[in-house]
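Here's the structure we're looking at; comments come further down.
The values are calculated or read from the model by the stated rules, or taken from the named source; none is laboratory data. Since we're looking at a predicted model, the values are computed, not measured. Quick reminder, even Gly has a Cβ in these numbers, built from the backbone with ideal geometry, and neighbours come from all protein chains shown.
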């Protein structure tokens, strides 16, 4: 049974996860390039500090940072050790990496982690992919991280390597759709304040008993508690990449995703200072009808 | 304080509401055209059985049935009485009716009721519109119907007459978007069962700790518990009218609703045996490219 | 055979139509509130100037202006006269007006007119609704206005009163979709100028031989000829009302309109200084993940 | 000046192109695995028959067939020869192939070809990518294939290698949007035949003078001429791959493509016997409201 793991990456997520694991008496040796938060000076020291067979959980930004850490770990770890990729890798990359590490006897488990900054106290929703033996080994770690309650309501061994991040990708795609649905409803309420005079109170009242109650709705109410007209924020919305992968998968598999794609495209549009497409529509209207347009400033 | 009300309509919703009110010691005289469930033989008898000033809650299907009952009540009630429209009327119709009844001193409160068949035990989310005095009078009834917990998390006085049903309309529009988001995610998971081998378990594991947890997700898991491949159901989905009104309002108020409209249109398409639009696209492809088409059977 | 008609409204469209009719030797008495363009000082003078049975073509802005003119005409015209509504009335209003005028023996034909400022030289595409007898009477006028070529390729008697404006409404809904399709393609080309270095030339080259060639594409090329980066225009796009009616009809008739609605919603969004919905999404992201947001300026 | 080229692939497109080239006195040696249409027995014979420097135009299905032919040509051709990829390759693959062939001094030009079965008589819209020198060399061939009229209205040198197929990809994405726009309008007209009694005639009348006139509209009218209710076709619509790439590019470049994606997803949905997503929505409605659903048959 695993009782001591390494954790690489002590940012917003990793730091909280170290704390939550320690609360459950899992010993954690954390490494981060920032000495003020790191338990050891180097990744090699982290590996050296762990009992064999070692478990190293990687929790660094997706893309190059994750790639770099796992490659380095590949050189430091030994047969029988396990790498857990807890970030947001693409599932195909998981499959490729696992195959490489397997050649040297190193195990690989990909684990989607949901819950954001709330996970420290609420626990993290976990979706993992890997072999049954590896997942079995890691259960004490998963149990420490996941929320209270039945294990199967906050954790799943979703399939072979890649399944965890595929599940997390779909989870995030759904999340885009859910957020946009609430946001559209909010805007429509706010547009008719002569009818619904208490928009904030209305969304607050949806928290119990209604069909639309959810954790995201609770957060929406929190946001309105703090800023009732959402006037302190810009309407600029980033996207993390997982929404894009979701659409790519839909396209590859001929799965219609009208809602999730609409949510993603709304984010793209929110970041444009001037939409070339809408300038083109304005230009067309001017051409055929002499319709009113606005000159660019 | 109201301690005895009339309730017209004892269908799936009304019957449960009568039961929930009685559990909270609100006396209820119910009327329904079906004698086996009705407490009194006629609407006039219901009115006669109530202490003045009377409260009559109407819980019958939207459209003609609701219109008919309220018109008949208009002739039976007296100054100071209150009609509560708990069905799914359009908010503009609420405003018109309230004005008519006000000419005879009869009050009108519109109340959106959410919660479906689960409301009997969980309580109903309530959004109402009307005057402060009328809503104050009705509070004991609302308190009996709404879920446990803080009143403002399951009940709102959203604004003047019409606000309740406008809020409920937007609630339902959001609901369409939420359902479609989960449904698209489900389909994408199900399309890649070589990656995520446990779709059912994956959605079950989203119930705690994740960003997408919600009551609708819990219901999705229940549905999968009963029918893991959803193979017992047809892909035909009705719509109740409130989603349509939501789009109409978005269009009237220049509020973009890409997600809610996509969800509504997916339902329309689900009910078509053959889509004239897609036959037109097939015809175009055949015309310009001699592309393969399928002959109608 | 009609050889002399009245024309009310001498704006951008009406003025050109008067000119085109006169080129075809149709006598036109035009009325407009602006004396510098009007042939007669009042609507009554216009009616007095026409031979009976009279034909009066109304070409004023939709809504109140059209309603006012037709009501006034109703009082001035006589049995056997015909009103042609050439503006953009809603087809249901056409049906109501026609019924009113019919009580006094006055005929009504609704006619959708397409072609914009190009109609003077190219002719106008015409779609009309009304009785066979009325349409027959008006044929010389329609023939003068429509483009050269076979009558049935630029004119249709689409059905009873209302059909003309219903057809025009759908025409405009399609137009929204077509324009947005070209605009999206333009934006994608412009986003990859390292690949397609000549965006302007590429769209120009689509004018002959390709599947996407069209009059709107020709206009797009004209716009790019004048302003190759469309940098002189703001990305603000108005909508005329007919796109909205198209969506309302789709919703009423359970016809999925994903493309036309997306085009309409893109216009709505183009006119928002700050999108309340996207501020709501930003707020949600901030709540659950501490994600980067931008403060409103 | 090129006056004799090789053409590989004599299917629907290639065969017509050979014919059109020969009409313009370009000598063509064609190869196809089917001896009955091929001018030579093998690809090696084709190469042997051409004067150096050779030009070989490849017109075979995208993917493996194209890859195979170009690889084989790489082994048969010599420095100074040029391969023209006239099929539907992905532009990134063009860039990779061109780099490989360049190592052996063989030129590569990618050319998107639009026009379908009509191209033989109308000419083909051409968009090509490659070096200025290669394109210059090929001009006689492009001029023979493109439509009558100014060269720049039917042909473009859009940029370096890849530009031709990128432009063609966007062209096809736009085409998806245009087709769906007409199709939605057709369906809405057909849904209200009590208003517009002559749907066929209405679309026919849009061919001249209107804003929506186009070649696709002409084809729509042809389709309705042959089958006025489009009742002979199934509503099953294939997609060729280029629409998918367009969405992938939009996603990669953060370009919102609501219309083109909606058109693609409508095609995906048209091919589903039963939509898992809509079964999920039906299941949810059954769970919360006891709403009517249909059992699968």
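Observations on the model:
- Only a single criterion out of (1) at pLDDT 95 or above; (2) out of contact with any helix residue (DSSP H, G or I) (no Cβ under 6 Å at 6 or more places or on another chain) is not satisfied by residue D:13, namely (1).
- The lone exception for residue C:60 - which of (1) part of a loop (DSSP other than H, G, I, E, B); (2) surrounded by fewer than 19 Cβ atoms within 10 Å (Cβ to Cβ); (3) in contact with a strand residue (DSSP E or B) (Cβ under 7 Å, 6 or more places away or on another chain) it fails: (2)
- Qualifying residue in segment B:141-148 (condition: without any contact (Cβ under 8 Å) to a residue 60 or more places away in the chain, in contact with a strand residue (DSSP E or B) (Cβ under 7 Å, 6 or more places away or on another chain), closer than 16 Å to residue B:58 by Cα and in the same structural domain as residue B:46 (by TED's automatic domain parsing)): yes
- Residue within segment C:109-118 that is more than 12 Å from chain D (Cβ to nearest Cβ) and more than 24 Å from the chain's Cα centre (by Cα) present: no
Yes/no per residue for (1) within 26 Å of residue D:272 (Cβ to Cβ); (2) surrounded by 21 or more Cβ atoms within 10 Å (Cβ to Cβ); (3) touching a strand residue (DSSP E or B) at 6+ places or on another chain (Cβ under 9 Å):
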| position | (1), (2), (3) |
| --- | --- |
| B:188 | yes, yes, no |
| B:202 | yes, yes, yes |
| B:219 | yes, yes, no |
| B:254 | no, no, no |
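- Test: residue C:289 is at positive phi and at pLDDT below 95: no
- Test: residue in segment A:81-90 that is farther than 21 Å from residue A:43 by Cβ, at pLDDT 95 or above and more than 9 Å from chain B (Cβ to nearest Cβ): yes
- Residue check for residue B:293: buried (at least 24 other Cβ atoms within 10 Å of the Cβ), within 7 Å of another protein chain (Cβ to nearest Cβ) and either without any contact (Cβ under 8 Å) to a residue 24 or more places away in the chain or in contact with a helix residue (DSSP H, G or I) (Cβ under 7 Å, 6 or more places away or on another chain) (or both): no
- Number of residues in segment C:1-28 that are crowded, with 17+ Cβ neighbours inside 10 Å and more than 19 Å from the chain's Cα centre (by Cα): the value is 6.
- Scanning segment D:1-18 for residues that are out of contact with any strand residue (DSSP E or B) (no Cβ under 9 Å at 6 or more places or on another chain) and either touching a residue at least 60 places away in the same chain (Cβ under 8 Å) or outside the structural domain of residue D:144 (by TED's automatic domain parsing) (or both) gives D:1, D:12, D:16.
- Against the criterion of being in contact with a strand residue (DSSP E or B) (Cβ under 9 Å, 6 or more places away or on another chain), crowded, with 23+ Cβ neighbours inside 10 Å and either under 17 Å from residue B:284 (Cβ atoms) or not assigned by TED's automatic domain parsing to the domain that holds residue D:91 (or both), residue D:263 does not qualify.
- Sole exception among (1) crowded, with 20+ Cβ neighbours inside 10 Å; (2) in contact with a strand residue (DSSP E or B) (Cβ under 9 Å, 6 or more places away or on another chain) for residue A:232, by number: (1)
- Residue list for segment C:255-290, restricted to those being outside any helix (DSSP H, G or I) and either closer than 30 Å to residue C:165 by Cβ or facing chain A (nearest Cβ under 7 Å) (or both): C:255, C:256, C:257, C:271, C:272, C:274, C:275, C:290
- Across segment A:94-138, the number of residues qualifying as on the phi < 0 side of the Ramachandran plot and either buried (at least 17 other Cβ atoms within 10 Å of the Cβ) or not in a helix (DSSP H, G or I) (or both) comes to 31.
- Residue selected from segment A:139-151 under the condition under 21 Å from residue C:289 (Cβ atoms) and within 7 Å of chain B (Cβ to nearest Cβ), by the criterion surrounded by the most Cβ atoms within 10 Å (Cβ to Cβ): A:146
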